[in-house]
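The values are calculated or read from the model by the stated rules, or taken from the named source; none is laboratory data. Bear in mind the structure is a predicted one, so any value in this text is a computation, not a measurement. Don't worry about glycine lacking a Cβ; one is built from the backbone with ideal geometry, like all the others, and counts go over all protein chains shown. These accessible areas exclude ligands, DNA and RNA; they are computed on the full protein's heavy atoms, side chains included. Shrake-Rupley method; radii C 1.70, N 1.55, O 1.52, S 1.80 Å.
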Amino acid sequence: IYLLSGGKFLLMNFTGGSVDEIRRRYSGIRQSLREAEYEMGYKRLFTVSAGGIAFINDTSSLTEMLAKLMFTANTAKENRKDTLCLFNAREYALYLRALEIESAVRESIKNKFEGFTLLFQPIVNAKKVQKNGNPALPQIVVGAESLLRWKNEHFGMVGAGELIPILERSGLIVPVGRWILMKAFAQCAAWNTLFPELYVSVNISFVQILQSNLVSEVQIALERTMVNPKNVVLEITESGNIDDKEIQSILSGFSALGVKIDIDDFGTGFSNLRYLQDIHANTLKLDYTFIQKALAGDTKDLKIIEFTVGMAHALGMTVCMEGIETYDNMEKLLPFAPDKFQGYLFSRPVDARTFAKENLHR
Ligand code: C2E
Ligand code: MG
Ligand code: MG
């Protein structure tokens with residue numbers, strides 16, 4: 001038994017090796033602690049978070065082995081607490097990949113954000129789709145959602161699903177988020193010279209709200225790019241923290257700047273109704289998974305869509321349905337009176353030049 005830093009212990013058994021044995025040891029330790037708590041009348045309960053690795057066939061060096069163990073123990077501590085986690089090679093490989101991406105992203109940021117790009121996906125007017133039958137894109141596009149990508153020699157194209165969590169965990173979303181605001185707003189301003197009604201929406205991460213002065217960052221981006229605030233939308237997701245006074249004041253800060261707020265990913269998180277009231281959002285975006293689940297389900301699932309749209313409208317919001325992949329999807333959803341659609345049926349996210357070529361001519 002070794003004492004490591006920060007209340008951590010390392011237990012090694014050179015004659016053991018099986019996972020079962022690790023489990024037995026862990027239960028033994030917890031059992032002893034419980035008994036001690038009881039016998040000595042402790043006022044506190046102790047938790048034991050442990051990482052285990054059966055290293056019988058593992059030829060790693062001691063340093064690598066310790067790194068694997070620390071990773072596993074941290075997983076136990078962060079995710080579940082008071083449990084034993086066993087080493088998982090796939091999770092560890094993903095973790096190492098994320099660390100490597102993070103350090104390559106740091107380099108990119110230093111090199112003037114080399115490798116970062118914004119793609120744009122059209123948002124269309126669902127009312128016009130209804131009238132025309134077939135979507136003729138330039139006539140029905142009302143906005144563009146900006147979506148982040150990062151390209152690197154070693155990793156190829158890394159999508160938002162993998163990239164954003166890495167940026168959030170490392171705090172790098174703050175500088176990258178600043179870059180995104182500038183790029184997206186500048187693009188919007190450029191398009192608005194010929195298409196004054198078109199809007200661009202930017203996804204905002206909660207980490208940006210918590211770790212930076214986002215209202216002033218948005219204000220600076222508005223001033224520098226000279227975009228009309230009425231043409232930009234900030235997309236934020238629901239969060240358990242929304243009761244927080246600070247977040248409320250940030251949201252009113254955005255309103256004061258004249259930018260709009262959309263609620264993204266509705267139907268995936270808490271779907272807190274109170275939140276909808278408080279946030280004064282412009283549009284409620286129904287998530288891809290929420291929509292597809294309803295389409296695959298029965299009439300009850302579709303009822304949820306119907307009531308969600310009704311509720312949003314009653315609260316003065318418009319509704320955008322995301323993840324529309326087929327005509328069939330669109331036709332099934334039209335009776336629920338959505339205001340906007342977004343999805344592969346109309347277009348995948350594309351670079352700014354392609355977006356203009358395909359959508360911006362009348
Ligand atoms: P989101 O904001 O809900 O964006 C919509 C996502 O759905 C995009 O994925 C888009 O490519 C995808 N999508 C659009 N139409 C369809 C469809 O018909 N079918 C399917 N299966 N998917 C469709 P993407 O670009 O990979 O982004 C994933 C998420 O990452 C975004 O979800 C957003 O939460 C986040 N994200 C993307 N860009 C940014 C960014 O610049 N900043 C921040 N903070 N988050 C971003
Ligand atoms: Mg979004
Ligand atoms: Mg969404």
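Here the range 14-173 is treated as a sphere whose radius is the Kirkwood value from Cα pairs; by Stokes-Einstein at 10 °C and 1.306 mPa s it diffuses with a coefficient of 78 µm²/s.
For the chain, give the share of DSSP beta bridges that are antiparallel, in percent and rounded to the nearest 5; count only bridges with both residues there.
Values: 17 of 42 bridges.
Around 40 percent of the beta bridges assigned by DSSP in the chain are antiparallel ones.
Taking the inverse of the mean reciprocal distance over all distinct Cα pairs, the Kirkwood hydrodynamic radius of the range 291-357 comes to 12.9 Å.
Kirkwood Rh over alpha-carbon pairs of the range 127-240, then Stokes-Einstein at 20 °C and 1.002 mPa s: what D in µm² s⁻¹, rounded to an integer? Please report the intermediate quantities before stating the final value.
Details: Rh = 15.7 Å.
Roughly 137 µm²/s, to the nearest whole number.
Shape call for the chain from the C-alpha gyration tensor, a ≥ b ≥ c root eigenvalues: rounded (a/c under 1.5), prolate (a/b greater than b/c) or oblate? In terms of gyration-tensor shape, prolate.
Tell me the GluC sites (Glu not before Pro) within the range 184-246 that lie in a loop according to DSSP and have at most 11 other beta-carbon atoms within 10 Å. Don't skip to the end; give the middle numbers.
Working: sites: Glu197, Glu217, Glu223, Glu235, Glu238, Glu246; in loops: Glu197, Glu238.
Sparse-neighbourhood loop GluC sites (Glu not before Pro): Glu197.
Overall, the chain carries a charge dipole of about 240 debye about its Cα centre when +1 sits on the Cβ of Lys and Arg and -1 on the Cβ of Asp and Glu, all other atoms neutral. For the peptides 140-148, 30-38, the ranking by packing is 140-148, 30-38, with the highest mean count of neighbouring Cβ atoms within 10 Å listed first.
Below 30 Å Cα-Cα, how many Lys pairs turn up in the range 66-165? Only count pairs eight or more apart in sequence, or on different chains, if you could.
Eligible lysine pairs with Cα atoms under 30 Å apart amount to 6.
Helical runs assigned H by DSSP (4 residues or longer) give the chain a calculated mean residue ellipticity at 222 nm of -15000 deg cm²/dmol, each run adding -39500 (n - 2.57) before division by the residue total. Computed with a 1.4 Å probe over protein heavy atoms only, the accessible area of His313 comes to about 70 Å².
Counted over the range 120-207, the DSSP beta bridges are approximately 65% antiparallel.
Counting heavy atoms of the protein chains alone, Ile250 has an accessible area of about 20 Å² for a 1.4 Å probe. Using the average count of surrounding beta-carbon atoms within 10 Å as a protection proxy, the listed peptides 110-123, 287-300, 13-26 rank, highest first, as 110-123, 287-300, 13-26.
Mind pulling the angle between the C-alpha long axis of helix 62-75 and the longest principal axis of the chain? Nearest 10 degrees, somewhere in 0 to 90. Once rounded, one gets 60 degrees.
Please give the per residue accessible area of the range 1-120, computed with a probe of 1.4 Å over protein heavy atoms only, in Å².
That works out to 71 Å² for each residue.
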